[in-house]
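Notes for the one structure printed next.
Read-outs throughout are calculated quantities, based only on the coordinates presented, and are distinct from any laboratory measurement. Owing to the predicted nature of the structure, the values given are computational and were not obtained by experimental measurement. Neighbour counts run over all protein chains shown; Cβ positions are idealised from the backbone, glycine included.
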Amino acid sequence: MSNKIPVAVLAATGSVGQRFISLLENHPWFEVVEITASDRSVGKKYVEACHWLLADPMPEAVKELELLPTNAEALSKAKIAFSALPADIAEEVEPGIAHKGIYVCSNASAYRHDPLVPILVPEANADHIDILDAQQKKYKWSGGILTNPNCTTVSFVVPLSVLDKAFGVTKAVVFSMQAISGAGYPGVASMDIIDNVIPYIGGEEEKVEYEASKIMGSYDGSQIIQHPIVISAHTNRVAVVDGHTICLSIALKQKASREDLIAALENFEYPDSCKGLPSCPEKGIIYHYESNRPQPRLDRNLGKGMTTSVGRIREDKIFDFRMVSMSHNTVRGAAGGSILNAELLARKKLGMK
Ligand SMILES: NC(=O)c1ccc[n+]([C@@H]2O[C@H](COP(=O)([O-])OP(=O)(O)OC[C@H]3O[C@@H](n4cnc5c(N)ncnc54)[C@H](OP(=O)(O)O)[C@@H]3O)[C@@H](O)[C@H]2O)c1
């Protein structure tokens, strides 16, 4: 009998759900025992219902699993549920699942604004996980809800929070070039995106501006206090398959040189609570010295898709510095990030070492 933690994947057939299924294959701590999807797929075997989009083959162990309805009653074995649900469905079902005693690690935006729900990015705010105790007490849940941010936020908040801890960041302008996989499958019509840039992604700019200040905020033992940073975001969809690239300009509190900023990023280390977690890459951040990097096609798979690439730090005539940051949106920005959060949770709450 396996001594792994039994887990469910909610919306296992979608673009993020498939990443979960792929990344959880042979995971040392977690075993997928339950999968759910919409009514369209319920009752079918995974292999029949899922239009598999990844280069790695569909894991044998899930092919024959039957898709369950997406609700708390349907789950009978999982201790952790990875949620790749659309936000409106997540809003309906995630609290019931948490109430049942399951920890929901969610990619959906539904509860990111809840003051007792952390938006966890271990490189930036691993300590925010401790707010789960207050969440369980207030909502009378024996499980909980833990979110990861929007994939665009995570693409720049990793280096931004490191620079904030070192020098203080007061303002940032962020300009995104977002991959089409960020819109799910089938996502943006090919006739709309080939040979094109779409300068609008509904709700994205508001999410980016809010989430970064919550992630960079401080946890005082009872609440998360938003960081006073002011962010202005421009979000754009471009004809890239995977990997969100962000150009950012930042203003600092303390004087620093370009070399100081690069050293801070290169010396980044995960907090002790995260070291040795199965999905924690050796390097959370890689600084690229080439003047034409990072690039999504070349750099998105560094650290098995979990490393954030940064480059082109240079002075800025309006703010202090500008740079480019990039990470894999469906790995670091979605399923991989959520699995890393679940590993931290499993170490804190479920006795894994
Ligand atoms: N793509 C990214 O880079 C990214 C990054 C971070 C966060 N997210 C978030 O992750 C979530 C999933 O995104 P995605 O890109 O994977 O979307 P997607 O490819 O469009 O997949 C949608 C999934 O949701 C399921 N679903 C739809 N309606 C449902 C219902 N009523 N009940 C239960 N399941 C339902 C679908 O199941 P069927 O196959 O049965 O229809 C499918 O599995 C969204 O909240 C998104 O905002 C995405």
Notebook entry, point to check: How far apart, in nm, are two points set 7 Å out from the Cα along the Cα-to-Cβ line at Asn292 and at Lys63?
Noted result: 4.2 nm
Next item on the list: Could you compute the FRET efficiency for Ser273 and Tyr139, with r as their C-beta to C-beta distance and R0 at 25 Å, rounded to 0.05?
Entry: 0.55
Next item on the list: List the residues whose amide H sits under 5 Å from the amide H of Ile35, counting only those 5 or more places along or on another chain, with H placed 1.01 Å from N in the peptide plane.
Entry: Val9, Leu68
Notebook entry, point to check: Can you give me the relative contact order of the range 110-170 as a percent, contacts being Cα pairs under 8 Å and 6 or more apart?
Noted result: 34 percent
Checklist line | Percentage relative contact order, the range 141-298, counting C-alpha pairs under 8 Å, at least six apart | finding: 33 percent
Next item on the list: Among the listed pairs Lys79/Lys137; Lys4/Lys79; Lys165/Lys253; Lys207/Lys253, give every one whose C-alpha distance is greater than 21 Å.
Entry: Lys207/Lys253
Check: So what are the ³J(HN,Hα) numbers for the range 164-176, from phi and the Karplus equation (6.51, -1.76, 1.60; θ = phi - 60°), rounded to whole Hz, Gly and Pro as x?
Finding: 5, 5, 7, 10, x, 10, 9, 9, 8, 10, 10, 10, 9
Margin query: 5 Å is the cut-off here: which amide hydrogens, built 1.01 Å from N in the peptide plane, fall below it relative to Phe30, excluding neighbours closer than 5 in sequence?
Written below: Ile5
Margin query: Between the range 61-103 and the range 279-353, how far is it from one alpha carbon centroid to the other, in angstrom?
Written below: 28 Å
Notebook entry, point to check: By how many degrees, between 0 and 90 and to the nearest 10, does the Cα long axis of helix 336-349 differ from the longest principal axis of the chain?
Noted result: 70 degrees
Next item on the list: DSSP loop (so not H, G, I, E, B), at most 16 other Cβ within 10 Å: list which chymotrypsin sites (Phe, Trp or Tyr not before Pro) in the range 155-209 pass both filters.
Entry: Tyr200
Checklist line | Dipole of the range 195-256, positive end: most advanced residue of Thr235, Cys247, Ser218 [Cβ charges, Cα centre] | finding: Ser218
Notebook entry, point to check: Taking the Cα centre of the chain as origin and charging only Cβ (+1 Lys, Arg; -1 Asp, Glu), how large is the dipole, in debye to the nearest 20?
Noted result: 480 debye
Next item on the list: Could you go through the range 123-136 in sequence order and give the Karplus-derived ³J(HN,Hα) for each residue, using 6.51 cos²θ - 1.76 cosθ + 1.60 with θ = phi - 60°, rounded to whole Hz, and x for Gly and Pro?
Entry: 5, 10, 8, 3, 5, 5, 4, 5, 5, 4, 4, 5, 4, 4
Next item on the list: Taking 7 Å along the Cα-to-C-beta vector as the label spot, tell me the Lys77-Tyr185 distance in nanometres, rounded to one decimal.
Entry: 2.4 nm
Notebook entry, point to check: Counting other Cβ atoms within 10 Å, which GluC sites (Glu not before Pro) in the range 3-96 have at most 12 and lie in a DSSP loop?
Noted result: Glu64
